[in-house]
Amino acid sequence: MSTIRVALAVCALHAASAAAQQDFSQARITARELAPGFHVLVAGGGGVAAGNTVASIGEQGVLIVDTQFPPLVPMYRTTIASLGGGDIDFAINTHWHDDHAEGNKVLGPDGVPLIAHDNSREMLTRHNSVNVVRTVLDQPAYPALALPIVTFDERLQMHFNGERIDLVHVAPAHTAGDVAVIFRGRNAVHMGDVFLSAAYPFFDVDNGGDFDGLIEFCRKVLGEIDRNTIVVPGHGEVAAYGDLESYVDMLVQVRGRIVALIAEGATLEQVVAAKPTAEWDAKYGNPTTYFIDRAYKSLQPRQ
Amino acid sequence: MRLASLLAASLALSASPALAQLQNLDEQLRTTPIRPEKLADNFYVLFGVGGNIVTSIGEDGVLFVDDQFQQMAPKYKAALGELGGGRVDFVINTHWHFDHSDGNQVLGPEGTRIVAQENSRQMMTKNNVIDLVSQKRDQPAYPAPALPVITYDSDMRMHFNGERIDLFHFGPAHTTGDSAVIFRSHHVVHLGDVYNNAGYPFVDAGNGGSLSGVIEFCQRVLSEIDESYVVVPGHGPIARYQDLVDYVAMLTTIRDRVAALIASGATLDQVIAAQPTSEWDEKKGNPTNFLNRSYLSLSRP
C-alpha cells in the first residue's frame, strides 16, 4: 500500500521531465470499462506516472481525455483498437502539465483536434518551470502542431457518441487552466489533477494554481453531478461522488487550520510541525513532500 | 421539393431585392457557380447560393464559415481544390438556417467537424418552421452526423492556420443561435445574417430572433474590431467597418420609430403606412416583410 501511495505522490508531482526516469519499455496500459464504450486507460510499470486517460468509443469514433506521454500513445492506441475503437477523433487536455498533455506531440501532428482551456494552451506555447517543491521540473514550449486547436474560458460542449459532454472551467485550482470533463450520458467526470483519489492535491502555485480555487472548483463540479456519477481523478483509482465530497471536506478543514496558523505568524516549519493534516495522512499520504509547502504559499494573505 | 424550393427561395429573397431572379431555387442551385473572392492569400469568400462562405486554407487544413446548400457542396469542393485546399476539416455555422447549414448534411457524414452556438445545434435537432411572412418554410431536423460536435454558449476560440479565430454569441439577434466569427490576423469578421448587405435583415422573430438584439449584436462586434476590418455579411457583397456602422445607425433609427408607433398603439398596417424606413427603401428594397418581423419583435414585453 505504501508503495502505491509513494507512486501516487510522484504522480501528483506529475512525473514531468521525470520522463527521463521513466522506463517506457516496461510500461503497459490497463483498461477498465466504466460504462459501455467508456473506459479508463491507466499506464503502469516502469515507474511510469502518467495521468489517467478516459476514452469514449462509439459510433462517432473515439474521444480521449488526456494524452499521457508520447511513448504511451501507440500503446493506448492498441488498447483502444482492442476495445473496438479506431483512430482518435478528439483529445481533450484537462491541463497543460506534461503527464497529461505530452502525448499531444504525437496526436497533434497526426491531425487529432486538441481541445483545452485558454490558459492551458497559453502555457503550452511557453517554456515553463513547475516547482514541485523537491525539485523544479522543466517543460519546454510545445511545437505548433501539438497545441490545442479549440479553446474556451468558462464552458464548452461536445456532442459525441450519443451524449453531451460538458467541459467546465471554474477558477485557478491545480493550475490556471484546469478543465473538468463531464460525460452526461455515461454519468462520469474526469477531474484532471484538481482531484487525486489517494494523494493530497498539488497546487502549481508558481504558475497560478490556487488552494481556494481548487475547493471552489470541486464544489462547482459536485453541484453539476449527482451521487451516482463516476469520478475519475487525474491519478489514482476511479472514485465516487462521496470520495470527492470527503476530499473537499478535508481540504476545507486543512485550509482553515493553515490559515489560522498563518494568521498567528507561523512559519512553514511551524505549520508542518503542527500536523494540520494528521487525521487524513493515512488516506492521502505524506503531506510534507509538496502539499503543505504549496498550501502555505497559496494561502498567504493577498497584498 | 417544389414547395421547399419556393420557400427557400423566399428566404434567400428576404436577403435580396432581386425577387424575380430567385423564383426558381432548383434552377439556381443547378446553374450558379461558386465565385471565389480573394481577401488574402489562402483566404476567400465563396459566393454561391445561400449564405456567403469564408474559407481559410493552410497548414492546418481547411476551415469554412457556413456551408450553403447540399447541392452547392460539389461545386465548392471543386473550387476549393482549385484554390489549393483539400477536405474541409472544420465548418462553423453562423446559425441554423438551411441556407447556411444545409451543407452539413454532406460535410458532416464525410467527417468534417461542425462547430456552432449551442442554441443553433438545438434548433437543428428539431423540426422547425421559419415564418418568412410571405410563406412559412419547414426545416426538418438534421440527421445526427449533420449536427455540430462542438458547441458553446457565449464565446470560444479556434487556433487554425496560424491565427486566432474568435467565436462570439451576443444573445438573440437574427436567430437565437448566431455566431460572429472574427479572424484576428486577417482582420475579417463573418457576421452571418446578423448583418445582411443585400436588403433589410430578416429577424426570425417566430423563433426568438430580436431586432434590438441584432442592433446590440452588431454594436458588440464593432467594439471587438476596428476600422481595418473587412466585414463579411450573411448575404450581399463584402463590406467594411463603416458599412456596419451605417447599418446599425439605420436599424436603430427604424427600431426607435417603430417602437414609438407601437407605444402609441399603432397596428402593423399603421406602422407600414407610416413608412418608417422610407429613406433607405431605394437602396434596401421593399420593407414590408422586415417591418412585419420588426413589429412582432418589438411588440414583445
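Restricting A:V248, A:V231 to those that are part of a strand (DSSP E or B), on the phi < 0 side of the Ramachandran plot, at pLDDT 95 or above and of a type in the set (V, I, T) reduces the list to A:V231. Which residues, counting only those in the range A:69-108, are surrounded by fewer than 20 Cβ atoms within 10 Å (Cβ to Cβ) and outside any helix (DSSP H, G or I)? A:L83, A:G84, A:G86, A:D87 - these are the residues of the range A:69-108 that are surrounded by fewer than 20 Cβ atoms within 10 Å (Cβ to Cβ) and outside any helix (DSSP H, G or I).
Which members of the range B:208-229 meet the condition of being among the aliphatic types (A, V, I, L, M) and either assigned to a helix (DSSP H, G or I) or under 16 Å from the mean Cα position of the chain (by Cα) (or both)? If the condition is that a residue be among the aliphatic types (A, V, I, L, M) and either assigned to a helix (DSSP H, G or I) or under 16 Å from the mean Cα position of the chain (by Cα) (or both), then B:L211, B:V214, B:I215, B:V221, B:L222 are the ones that fit.
Among the residues of the range B:149-167, the one identified as surrounded by 21 or more Cβ atoms within 10 Å (Cβ to Cβ), closer than 24 Å to A:E163 by Cα and more than 7 Å from chain A (Cβ to nearest Cβ) is B:L167. Within the range B:26-46, the residues that satisfy the criterion of being buried (at least 19 other Cβ atoms within 10 Å of the Cβ), in contact (Cβ under 8 Å) with a residue 40 or more places away in the chain and closer than 12 Å to B:A79 by Cβ are B:I34, B:V45.
Scanning the range B:168-202 for residues that are among the charged types (D, E, K, R), away from every other protein chain (no Cβ under 14 Å) and part of a loop (DSSP other than H, G, I, E, B) gives a single hit, B:D178. Mind listing just one residue for me: the one in the range A:157-195 that is among the polar types (S, T, N, Q) and in a loop (DSSP other than H, G, I, E, B) and, of those, nearest to the other protein chains (Cβ to nearest Cβ)? My answer is A:N161. Annotation note: of B:R137, B:R121, the sole residue that is basic (K, R) and assigned to a strand (DSSP E or B) is B:R137.
Based on what the data block shows, is B:G265 exposed (fewer than 13 other Cβ atoms within 10 Å of the Cβ) and of a type outside the set (A, V, I, L, M, F, W, C)? Against the criterion (exposed (fewer than 13 other Cβ atoms within 10 Å of the Cβ) and of a type outside the set (A, V, I, L, M, F, W, C)), B:G265 qualifies.
In the range A:54-68 there is at least one residue matching the filter, namely being touching a Lys or Arg at 6+ places or on another chain (Cβ under 8 Å) and either on the phi > 0 side of the Ramachandran plot or at pLDDT 50 or above (or both). Looking across A:A198, A:A171, one residue alone is closer than 26 Å to A:H127 by Cβ, in contact with a Gly (Cβ under 9 Å, 6 or more places away or on another chain) and of a type in the set (A, V, I, L, M). It is A:A171. Counting the residues of the range A:109-156 that are under 29 Å from A:G86 (Cβ atoms), in contact with a helix residue (DSSP H, G or I) (Cβ under 6 Å, 6 or more places away or on another chain) and either assigned to a loop (DSSP other than H, G, I, E, B) or at the interface with another protein chain (Cβ under 8 Å from one of its Cβ atoms) (or both) gives 5.
Scanning the range B:168-198 for residues that are touching a Gly at 6+ places or on another chain (Cβ under 6 Å) and surrounded by fewer than 23 Cβ atoms within 10 Å (Cβ to Cβ) gives B:G171, B:T176, B:N197, B:A198. Of the residues making up the range B:282-295, those that are over 15 Å from B:N196 (Cβ atoms) and surrounded by fewer than 18 Cβ atoms within 10 Å (Cβ to Cβ) are B:E282, B:T288. Looking at the range B:106-148 only, could you name the residues that are closer than 23 Å to B:H190 by Cβ, away from every other protein chain (no Cβ under 14 Å) and over 18 Å from the mean Cα position of the chain (by Cα)? B:V106, B:L107, listed by residue number. Return yes or no: is A:L214 in contact with a strand residue (DSSP E or B) (Cβ under 7 Å, 6 or more places away or on another chain) and crowded, with 18+ Cβ neighbours inside 10 Å? Against the criterion (in contact with a strand residue (DSSP E or B) (Cβ under 7 Å, 6 or more places away or on another chain) and crowded, with 18+ Cβ neighbours inside 10 Å), A:L214 does not qualify. The residues of the range B:60-112 that are assigned to a loop (DSSP other than H, G, I, E, B), over 30 Å from B:G209 (Cα atoms) and touching an Asp or Glu at 6+ places or on another chain (Cβ under 9 Å), listed by number, are B:D60, B:R87, B:G111. Take B:V49 and decide whether it is touching a residue at least 60 places away in the same chain (Cβ under 8 Å) and under 22 Å from B:H97 (Cβ atoms). No: the conditions fail for B:V49. Pairs meeting the criteria (first residue in the range B:248-266 and assigned to a loop (DSSP other than H, G, I, E, B), second residue surrounded by 18 or more Cβ atoms within 10 Å (Cβ to Cβ) and of a type in the set (A, V, I, L, M, F, W, C), beta carbons under 9 Å, at least 6 apart or on different chains) are B:A266/B:V258.
The values are calculated or read from the model by the stated rules, or taken from the named source; none is laboratory data. As the structure is a computational prediction, the values presented were derived from the model and not from experiment. Methodologically, a virtual Cβ is constructed for each residue, glycine included, from the backbone with ideal geometry; neighbour enumeration extends over all protein chains shown.
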